[in-house]
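Shown next, in structure tokens, is the structure this report addresses.
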Amino acid sequence: MTWWRSAVIYQVYVRSFADGDGDGVGDLAGVRSRLPYVRDLGVDALWFNPWYLSPWVDGGYDVADYRSIDPVLGTLAEAEQLIAEAREHGLRTIVDVVPNHVSDQHAWFTAALASEPGSEERSRFWFRPGTGVSCELPPNEWVSHFGGPAWTRTKDADGVPGEWYLHLFAPEQPDLNWDHPDVRREHEDVLRFWFDRGAAGIRVDSAALLVKDPDLPELDPASPAPHPYVDRDELHDIYRGWRAAADSYPEPRVLIGELWLPDPDRMARYVRPDELHTAFNFDFLTSPWEADRLRECIDSTLAAHREVGAPATWVLANHDVTRQVTRLGRAATSFAFETKRAGVATDPALGLRRARAAALLAMALPGSLYVYQGEELGLPEVENLQPHWIQDPMHHRSGGVDPGRDGARVPIPWSGSRRPFGFSPDDAAWPTWLPQPDGWASLTVEAQTADPDSTLELYRSGLAIRRQEPGLGDGELRWLDSATGVLAFARGSLACVTNLSGRPVRLPAHDRALLSSAPLAGDRLPPDTTVWLRLGTHTDNAAPAGDATQRSD
Ligand code: TEU
């Protein structure tokens, strides 16, 4: 069973996908009602962001109980039904597992807080005395991903300040101690819980962060020692155990790692044959819209994956990053958490043009592909959310400097000309949990369906061809000669050519054009456009697009 080597996986951010019960928040009933839409889009699997019981401090990545569904979204029985129905539509289900931390409302953490320092209950987390004269300083200077110290001080029962505990994310997300056998056992059990309910696989959240150096040393970029909590060698053993669990099913389950590691070779170690199956390619997601940089990313990704026999993945967006239409319309087109700011000038028309070209490029690359809900509609980042709407702790903990990630999480517009654009039922009692821009009337699924120029129809056509075309999906890629600023490669008898050069270029010799992200100009490929060509009789000697610049206008 190697479906995952070529799969197109559609990411469902449940709270923002479709609202079945009218409370303004997406839910499982909403997803169930929209399964035909996803099937017709032409994807193979659904990945659901966390849907478990949660206080929703970090969009559900603060899990209070892995074995129940949050009542705002539905019930466990409904999730089982959804998994079964999706499968009837030919869609596999990937659930999100968050092993690095739990919610501070998780039974383990409330028990830890109620127990003494040094207790068994506390040893499942990272509790430590503070430093300084009266322990008023944290145990070390690690910084949380959401800003501020990675440590919070507890209060003992009598109200007196006590030990500190570690949280690489929000204080409501205490980190687990993966050296503790309970933590390992519990997670293997959670995996099996969902595998037994038909989940085809799991996404492993923050997969490079689980293991900590028990000495909790300060970060020292100059030190040759392994990082105290990123990409530690002990992780591989954990994932080998998980792989054995996944492989024990008649239809083996799939493990997908969320690893933000800049070095492709370090990344590839996680997708060795007895570890995770695939990992998100964040190098591609963060790459600027520049031919050299993208080519370098494609080559290094493929080389590192080839080494270990794993398929690459191609990702342009997710619920954590600026939507590509907005990002690619800016002067600086790469993505970085550190430099993320709202209100940086963007040209939406250029951004959309590039996002469409990027989509066809990504669909043609070897391996599997992720589509984040709404990218098929060409949704932009919503950059003008009023602070009182924003829930993301990344925004609040940065003192409002970081816009946070809610701008990429606005509810999907389905139909109609007024908010909530079919996201909630007509008689919904509540507004959507984040407001949709009025301008989204033209971006609804309804408005884009059957419009041959729409982004939705581009995705539908691209994914339909990808599904039928033997050269696409898993396999090899052959670069074709091309002009500076042009990416051109062949997959079997299909060529994919993306023009990032800023001027029109001549197309390589081909039999016919199958699909393009913008209209062609005769035998020229306009800037910021991708075209798929049937090479046919030209398959083996595809004429280089190399001399094209000489003739470009
Ligand atoms: O993200 C992990 C992660 O490291 C980043 O995406 C994170 O947002 C960034 O590094 C901040 O600097 C995952 C989830 O995708 C994200 O939504 C959660 O907030 C996070 O884990 C914590 O569970």
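Residue-wise HN-Hα couplings along the range 502-510, as the Karplus relation 6.51 cos²θ - 1.76 cosθ + 1.60 with θ = phi - 60° gives them from phi, are x, 9, x, 10, 6, 6, x, 4, 7 Hz; Gly and Pro carry x. Once all Cα-Cα distances of the range 399-553 are split into 10 Å bins that start at 0, what whole-number percent is in each one? The distribution over the range 399-553 is 10, 29, 24, 20, 14, 3, 0, given as percents. Put simply, the amide H of Phe423, placed in the peptide plane, has neighbours under 5 Å in Trp414, Ser415, leaving out anything fewer than 5 places away on its chain. For the chain, the Kirkwood radius over C-alpha pairs fed into Stokes-Einstein at 4 °C and 1.567 mPa s yields D = 53 µm² per second.
Highest mean packing first, where packing is the average number of other Cβ atoms within 10 Å per residue, the peptides 503-511, 168-176 line up as 168-176, 503-511.
Between helix 348-364 and the chain there is an angle of about 90 degrees, using the helix long axis and the longest principal axis of the Cα atoms.
Taken as Cα centroids, the range 348-399 and the range 84-158 sit 29 Å apart, rounded to the nearest whole angstrom. Ranking Asp453, Asp21, Asp283 by solvent-accessible area of protein heavy atoms (1.4 Å probe, all protein chains present), from largest to smallest, gives Asp453, Asp21, Asp283. With all protein chains kept in place, the per residue accessible area of the range 107-166 amounts to 51 square angstrom at a probe of 1.4 angstrom. Per-residue 3J(HN,Hα) values for the range 117-122, derived from phi via the Karplus relation 6.51 cos²θ - 1.76 cosθ + 1.60 with θ = phi - 60°, read x, x, 6, 4, 4, 6 Hz in sequence order (x marks Gly and Pro). Is the C-alpha gyration tensor of the range 107-166 telling us rounded, prolate or oblate? Criteria: a/c under 1.5 is rounded; beyond that, a/b larger than b/c is prolate, otherwise oblate. The shape class here is oblate.
A convex hull fitted around the alpha carbon atoms of the range 122-215 yields 121 Å³ per residue.
Given Gly407, Cys297, Leu166, which one lies farthest toward the positive end of the charge dipole of the chain, if we put +1 on the Cβ of every Lys and Arg and -1 on the Cβ of every Asp and Glu? Most positive-ward Cα: Cys297.
Remark: the range 227-233, residue by residue, has Karplus-estimated 3J(HN,Hα) of 4, x, 8, 10, 6, 7, 4 Hz, where x stands for each Gly or Pro and the curve is 6.51 cos²θ - 1.76 cosθ + 1.60 at θ = phi - 60°. Put Thr346, Thr498 in order of accessible area, highest first, and with a 1.4 Å probe you get Thr346, Thr498. Most simply put, the range 477-551 has about 95% antiparallel DSSP beta bridges, counting only bridges with both residues inside it. Where only DSSP H runs of four or more residues are counted, the chain gives -7000 deg cm²/dmol as its mean residue ellipticity at 222 nm, each run worth -39500 (n - 2.57). Can you tally the net charge around Val98? Count Lys and Arg as +1, Asp and Glu as -1, for every other residue whose Cβ sits under 10 Å from the Cβ of Val98. Its environment carries a net charge of -4. Scoring 360-368, 412-420 by mean Cβ neighbours within 10 Å over their residues and listing the highest first yields 360-368, 412-420. Annotation: amide H-H contacts under 5 Å for Ser54 (H modelled 1.01 Å from N, sequence separation of 5 or more, or interchain): Ala64. For the chain, the longest principal axis of the alpha carbon atoms and the long axis of helix 291-308 meet at an angle near 60°.
State the percentage of accessible surface on the chain attributable to carbon and sulfur atoms; use a 1.4 Å probe and exclude ligands, DNA and RNA. For the chain, the apolar C and S fraction of the accessible surface comes to 52 percent.
The values are calculated or read from the model by the stated rules, or taken from the named source; none is laboratory data. All figures in this text were calculated on a predicted structure; none of them were measured in a lab. Cβ sites come from the backbone with ideal geometry, for glycine too, and all protein chains shown count toward neighbours. All accessible areas refer to the heavy atoms of the entire protein, side chains included, with ligands and DNA or RNA removed. Shrake-Rupley method; radii C 1.70, N 1.55, O 1.52, S 1.80 Å.
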